[in-house]
Structures are given as structure tokens and as C-alpha cells.
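Comments concern the structure below.
No lab work stands behind these numbers, since they all come straight from the coordinates. What you see is a predicted model, and the numbers here were worked out from it, not measured in a lab.
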Amino acid sequence: MADDSSIRLKNDGVKTFRLRKKYPSACTGLFWRPDPRPTRPLFSNGHFDMENWPRNGALLRGIVHEVNGKKWLKCVEVKQRRLLRRTTWDSASGASWLPFEYGEYYLKSTESSG
């Protein structure tokens, strides 16, 4: 069993990111991933929400983790691109994780850098 030394919490608060693509493709979004932490059993913290997985351009709120040198977002809320004008967010299930980079996808912070 692996220990938690490979896991590091990057931020102590919830941050907002947008799901972006590096180049055009036929893919319409990313399915949720299970908890990547090595000491967590697969699907131990909930089930996948197969209806509300993030589509291209979705906004995601969550906590950034680093697991084995890779950044992951533990999502707590999602707002699909087609619903951005809404003031409310949808809750994400306990198994709602996304890598910061995967194929043509990446998560971009919505916070200004200046």
C-alpha cells in the first residue's frame, strides 16, 4: 500500500477553472476520473455523475491536489458552458476528479494573474 507522501494539497481553498482544448477535435468534453490518490480505493468516495460530466468550456470549482507529480482538480461544483448565464452551480459527486492536462484538454484558471 502506498503512503500519502506522494500527495500534496496545492491550495487551501476552492479555485475556479475552465475546461479548454489545445486544438479542435470531435471530443465534446472529459468524463470524470476516480480519486487518483494511491491510498484511496477506486470509487471509494462516491459514484460518477455520468449525466453532468464537464463539456468543452465548462467552469469547474474545486481543490487542487498534486499526486505523484501531476496536478489534479477535486471538483466540488460544475457549470456547463450552455448554462454560464445561470447564477447557480451544480454540485459534483464525490468521485469528480479531473487531471489538469489530458490529451488535447487542459484546465485554465479563471483568476486574473495581476
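Quick rundown of the values:
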{"quantity": "Gyration tensor (alpha-carbon) shape descriptor, region 68-114, a/c threshold 1.5", "calculated": "oblate"}
{"quantity": "Amide H within-cut-off set for residue 71, under 5 Å, with H built and near neighbours excluded", "calculated": "100"}
